[in-house]
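The values are calculated or read from the model by the stated rules, or taken from the named source; none is laboratory data. Just so we're clear, the structure is a prediction, and the values are computed from it rather than from any experiment. Every residue, glycine as well, gets a Cβ built from its backbone with ideal geometry; the counts of neighbours run over all protein chains shown. Keep in mind that these areas ignore ligands, DNA and RNA; they rest on the heavy atoms of the full protein, side chains included. Shrake-Rupley method; radii C 1.70, N 1.55, O 1.52, S 1.80 Å.
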Amino acid sequence: MADIRIAQVGCGGMGLRHLHGQVESQRLYNSFEYVAVCDISESSASHVANEANVLLGSRPKVYTDFEKLLEQEKGLDAVDIVTSVGQHHIIATKAAEAGVHIATEKPMGVTVRACRKMIRAVEKHNVVLSVSENYRRDPMNRLTKAILESDVLGTQRLFVDLTTRGTRRMPHGTAWRHQKNAGGYMLDYAVHNADLLQYFMGRVDRVYAETQLWEKRRDATGPESTNMKAFYEHRQLVDVEQPGVVECTSEDMASGVIRFESGAMANFLNTIAAPGNNISTSIVYCDDGSISLSPSRTGSPSSLTRIGEEQPISTDDLLNLVPDFELDEMTAKAFGASRISSYKMDFPLVDATLIALELEDFAEAIRTGSRPEVTGQVGLEAVALTYAFLESGYTNEPVQFTDVVSERTNLYQQEINDHYGLG
C-alpha cells in the first residue's frame, strides 16, 4: 500500500518522464501516492495531471504556485523537483522548511553554492535529500563497477570519455540548456559524465580544461530527438524561445584532463558543436586490459579486452569474472534477475524504470532513515566536477577539485550566483 504522499514540481518534458517513472514505481513497489503537480504553466501542469489520471487512475491536484501547494496539501511527505535547474535550490529550501523530504533531478543545483545551500537546508530541518542521477543505476554500469572493483583488470589507469556531435538546434527544444544563468549545456549534459567518472574512478584531485562557445545562435523550433519528442511536445515555450532562434550564452564545448586522487587520469571531451561524424566513447584502461562502457539505457553489454588479446571476451564470460556480483533487490525486481550482462527494453520503458529506481531508493531513505545512494554531497560533487572544467577554461589554469567544491574557486560561477542572489 502506498504510504508516501508525493507532489511533483515541474511538468515539462522531464516532468512527463517522471510521471512515467511514477507509473513504473507504483507497478513495481507501490510506495507513493501521487497527490499533486505544480508548474508555472497551468497548461503543462494540467497535461501531466490528465496523463496521470489515465495512467494511474486518479488525477493529482494542479497548482501553479509551490508555496500554495505546501500550504494546502496537508500531510505531504515528499516533493520530486523536476523544474529547470535554476529553481532547484529555491524549491528545495522551501520544502525543507516545511519538513518535506526532497528528491531533485540532476544537476542538483545551478552552481556549487546553490547545492551547498540545499544541503544546509536539509541538515537544518532533518529531511532527506536524494539526487536523481540515473545513469549509475543502469545494470550495465553496476556490472562494470563490480568488474573494476574486483581487480580482474588490475588498477585503473585512464578513463577516456569522448562525446561529440554537432547541431544548430537545441536538444529537446529547451532554451535554458544554452543560457549560462540558467545552467547551460555543460551543466545539464556533462553532469551525467561527471557523476559516472567519480562513480567508477573515485575522488578527483585536479582538472585542466579548455572551453568554448561556438554556436552563438540555435534553432528553438522543437525537439530533435525522436526518443524524447513525445515527452516535450506539450511544454509551453518560455519568452526567450518564442522568436524561434535563441541567443546562446553558455559554452558548448569542453575538453579537459582529470587527475584522480588514486593517480589515474581521464581525458574528457563533451560538445554539441562538432558537426559531422559523431563520437561516443567511454573506455577505462587498467593494468591488464580495458573495459568499454555500453551506452547507458541501451541494455548493451560492456566490452572487456585483456592485454595482448585482439578480441573482447564473450558477453557470457563477463558475469563469470565476478561470481559474487548481484544487483540489489529493488533493481533485480525491476529487471527480472539479479545477475544480467545485457537486457532488452525500449527507451521509454528503461527511462521510466531507472526513474522508478531513483524514487524507490528515495522512499527507502524516508522510511528507514538511511542515506539515499546519491546524497546531496554526491550530487554537489558531480556539479563541482562539471564546473571544474568551466572554471579552468575561464581562468586558463588548472584547478584543484577541493577548491571548486569549497568555493575557493568560483570565478566562472560568480555571475550565476549574483543572478540568483546567492551572495
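Residues of segment 1-18 that are open to solvent by 10 Å² or more (accessible area, probe 1.4 Å) and part of a loop (DSSP other than H, G, I, E, B): Met1, Ala2, Asp3, Gly12. Cβ-Cβ contacts under 9 Å between residues 6 or more apart (or on different chains), taken from a first residue in segment 254-271 that is farther than 18 Å from Tyr199 by Cα and without any contact (Cβ under 8 Å) to a residue 60 or more places away in the chain to a second residue that is of a type in the set (Val, Ile, Thr) and open to solvent by less than 10 Å² (accessible area, probe 1.4 Å), are listed as Ser255/Thr271. In summary, Thr174 fulfils each of the numbered conditions (1) over 30 Å from Val245 (Cα atoms); (2) open to solvent by less than 10 Å² (accessible area, probe 1.4 Å) with the single exception of condition (1). Filtering segment 20-52 to residues that are out of contact with any strand residue (DSSP E or B) (no Cβ under 7 Å at 6 or more places or on another chain), free of Cβ contacts under 8 Å to residues at least 60 places away in the same chain and of a type in the set (A, V, I, L, M, F, W, C) leaves only Ile40. Restricting segment 228-272 to residues that are open to solvent by less than 40 Å² (accessible area, probe 1.4 Å) and β-branched (Val, Ile, Thr) leaves a set whose member that is modelled with the lowest pLDDT is Val246. Of the residues in segment 121-128, at least one is farther than 28 Å from Leu197 by Cα, more than 15 Å from the chain's Cα centre (by Cα) and part of a helix (DSSP H, G or I). Within segment 79-120, the residues that satisfy the criterion of being open to solvent by less than 10 Å² (accessible area, probe 1.4 Å) and more than 19 Å from the chain's Cα centre (by Cα) are Ala95, Ala96, Val100.
Can we say Ser300 is under 30 Å from Phe231 (Cβ atoms), open to solvent by 70 Å² or more (accessible area, probe 1.4 Å), in contact (Cβ under 8 Å) with a residue 24 or more places away in the chain and not basic (Lys, Arg)? No: the conditions fail for Ser300. Within segment 329-348, the set of residues being in contact (Cβ under 8 Å) with a residue 24 or more places away in the chain, under 20 Å from Pro295 (Cα atoms) and open to solvent by 40 Å² or more (accessible area, probe 1.4 Å) comprises Ser342, Lys344, Met345, Pro348. Hey, can you tell me all the residues within segment 365-392 that are touching a residue at least 24 places away in the same chain (Cβ under 8 Å), in a helix (DSSP H, G or I) and either out of contact with any helix residue (DSSP H, G or I) (no Cβ under 8 Å at 6 or more places or on another chain) or open to solvent by 40 Å² or more (accessible area, probe 1.4 Å) (or both)? Scanning segment 365-392 gives Ala365, Ile366, Arg367, Gln377, Val378, Ser392.
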